[in-house]
Structures are given as C-alpha cells and as structure tokens.
Amino acid sequence: MARVTVVNDNVTFEVTDGEYLLPYFKEKTSMLFGCEKGECGICVCTILKGVENLNEKSQKEIETLHSKGAHPEQRLACLLKIKWGEVEIEY
Ligand code: FES
C-alpha cells in the first residue's frame, strides 16, 4: 500500500500501489477538476515529497503544464498515478 497526504485538506489516505489518484482526490479532498484528461490545467498541484514515487509526466502533461507556466515540481493531479511509498501534495 502507498500513502498519500494532501496538506490543504489535512487528509492522508492509503492507495493500492499502481493506482491512479483521481478517484481518491475526488472522494477525499476539495481539489477542483475539469477535463480530467490533462488538458485544462485546473488541477495543477505541487509535489512536496515523494515525486520519485509517482508516474513520469506524459508529453500531454508537460505541454499543459508549460502552457500554464507551472514550475518543474508541479503536476496535474488528474494524471497522477502512484507507484508505491509516500507522497505529499499541495494544491
Ligand atoms: S482536470 Fe483538466 S488537466 Fe486535470
């Protein structure tokens, strides 16, 4: 099991290794989502810890983040998939 903490909502939850985080974010946090496909950029978030435990950015994610002027440590929450371990996120 992996563990995800979302600091804004002061919530930590367990996730099976290899799962996408979007359903958990929608159920357990107040994060906002739009397209849920990595296109609109509304779900930009910052990885505070455990970036190495997440999937690599896809080309689409890189392009959307670039169009939003995001920082290198930022990700699109709707595309995050955890490999294992712990991750801490701020949005
Ligand atoms: S919800 Fe649109 S990019 Fe994540």
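The table that follows gives values for the structure above.
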item: Qualifying positions in the stretch 1-37 - under 13 Å from residue 81 (Cβ atoms) and within 14 Å of the ligand (Cβ to nearest atom); result: 20, 21, 22, 23, 25
item: Index of the failed condition, residue 51 passing every other in (1) touching a Leu at 6+ places or on another chain (Cβ under 9 Å); (2) in contact (Cβ under 8 Å) with a residue 12 or more places away in the chain; (3) surrounded by 13 or more Cβ atoms within 10 Å (Cβ to Cβ); (4) farther than 11 Å from residue 4 by Cα; result: (1)
item: Hits in the stretch 38-56 (condition: more than 6 Å from the ligand (Cβ to nearest atom), in contact with a Lys or Arg (Cβ under 7 Å, 6 or more places away or on another chain) and assigned to a loop (DSSP other than H, G, I, E, B)); result: 55
item: Condition met for residue 34 (touching a residue at least 40 places away in the same chain (Cβ under 8 Å), farther than 16 Å from residue 89 by Cα, in a loop (DSSP other than H, G, I, E, B) and in contact with a Cys (Cβ under 9 Å, 6 or more places away or on another chain)); result: no
item: Among (1) surrounded by 19 or more Cβ atoms within 10 Å (Cβ to Cβ); (2) away from the ligand (no atom under 15 Å from the Cβ); (3) in a loop (DSSP other than H, G, I, E, B) - the single one residue 87 does not satisfy; result: (3)
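Coordinate-derived values only; no laboratory data. Since the model is a prediction, treat every value here as computed from it, not as a measurement. Methodologically, a virtual Cβ is constructed for each residue, glycine included, from the backbone with ideal geometry; neighbour enumeration extends over all protein chains shown.
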